[in-house]
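Comments concern the structure below.
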Amino acid sequence: MKSGIHPKYVDAEIRCACGNVIKTRSTKPTIIIGICNKCHPFYTGQQKFVDTAGRVDKFQQRLAKTQAAQAAAAAATKKKRK
């Protein structure tokens, strides 16, 4: 490696908004993040799957309309062939 062109690799602290501090090494001495493994809902087990605004129902209705339209189109092409 060439000398003098690489950044310094120093001990660093990663600080989360929740107060968790992680020691590591980086080219920056301090890194501030908004969420970490100590406070993220997926890792803490507080994750909830919420069907907001009936998204599943909206998808199922849209799927039913699409299938009905496809069936109607198939019937129309079958009728034209005769």
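The values are calculated or read from the model by the stated rules, or taken from the named source; none is laboratory data. All values reported here derive from a predicted model rather than from experimental measurement. Note that we place each Cβ from the backbone using ideal geometry, even for glycine, and neighbour counts take in every protein chain shown.
A compact table of results
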read-out: Failed criterion for K48 (all others in (1) modelled with pLDDT under 90; (2) not in a loop (DSSP other than H, G, I, E, B) hold); value: (2)
read-out: Qualifying position, being touching a helix residue (DSSP H, G or I) at 6+ places or on another chain (Cβ under 7 Å) and modelled with pLDDT of 80 or more, among N20, N37; value: N37
